[in-house]
Amino acid sequence: SNLPKMCQKVANFAIQHPYPKDERLIKIGQFLRENLETNYSLEEVAKVFGFSTRTLSRLFKEDIGMSYVKFSRTIRISSALELMVEKKLNVYEIAVKVGYMSLSAFSNIFYRVMGIRPQEYINKIKT
């Protein structure tokens with residue numbers, strides 16, 4: 001996977017997520033972060049922000065070199081990591097909070113991005 005490089009941060013590894021330079025994409029990033037529970041499609045976001053899906057799709061590729069789907073997934077996983085560090089919620093609660101309907105879907109995406117299962121990650125940061 002060609003996700004942004006991971007960086008070591010003390011005991012817990014954080015995911016680096018690419019920040020768009022384009023003001024419009026920054027606004028979309030903020031919108032996604034504020035609405036994590038809802039899994040907005042490219043079409044829905046394009047409509048909200050007045051883009052055609054083709055234009056928005058191209059903007060993501062040109063600005064940060066990744067698709068909208070990858071960008072939104074990265075935001076959700078980095079938010080999940082922040083919640084895990086707070087140690088207040090269990091894996092299922094975190095999954096729901098960042099927009100995954102099922103624990104297995106969240107666990108699979110998390111594993112694909114981080115190379116470790118969510119529960120293993122939580123166990124690692126407990127020590």
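Quick check: is even one residue across region 8-23 at pLDDT 90 or above and either farther than 15 Å from F110 by Cα or open to solvent by 40 Å² or more (accessible area, probe 1.4 Å) (or both)?
At the first step, the residues of region 8-23 found to be at pLDDT 90 or above are none.
Looking for residues that are at pLDDT 90 or above and either farther than 15 Å from F110 by Cα or open to solvent by 40 Å² or more (accessible area, probe 1.4 Å) (or both), one finds none in region 8-23, hence no.
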Index of the failed condition, I116 passing every other in (1) touching a Phe, Trp or Tyr at 6+ places or on another chain (Cβ under 9 Å); (2) surrounded by 18 or more Cβ atoms within 10 Å (Cβ to Cβ): (2)
Residue in region 97-118 that is touching a Ser or Thr at 6+ places or on another chain (Cβ under 6 Å), in contact (Cβ under 8 Å) with a residue 24 or more places away in the chain and part of a helix (DSSP H, G or I) present: yes
Pairs with Cβ under 7 Å, 6+ apart, first in region 43-65 and over 15 Å from I26 (Cβ atoms), second part of a helix (DSSP H, G or I) and among the acidic types (D, E): T53/E43
Condition check for F106: modelled with pLDDT of 95 or more, surrounded by 14 or more Cβ atoms within 10 Å (Cβ to Cβ) and within 16 Å of the chain's Cα centre (by Cα): yes
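The values are calculated or read from the model by the stated rules, or taken from the named source; none is laboratory data. Since we're looking at a predicted model, the values are computed, not measured. All Cβ positions, even for glycine, are placed from backbone atoms using ideal geometry, and neighbour counts span all protein chains on display. Surface accessibility is based on the protein's heavy atoms, side chains included, excluding ligands, DNA and RNA. Shrake-Rupley method; radii C 1.70, N 1.55, O 1.52, S 1.80 Å.
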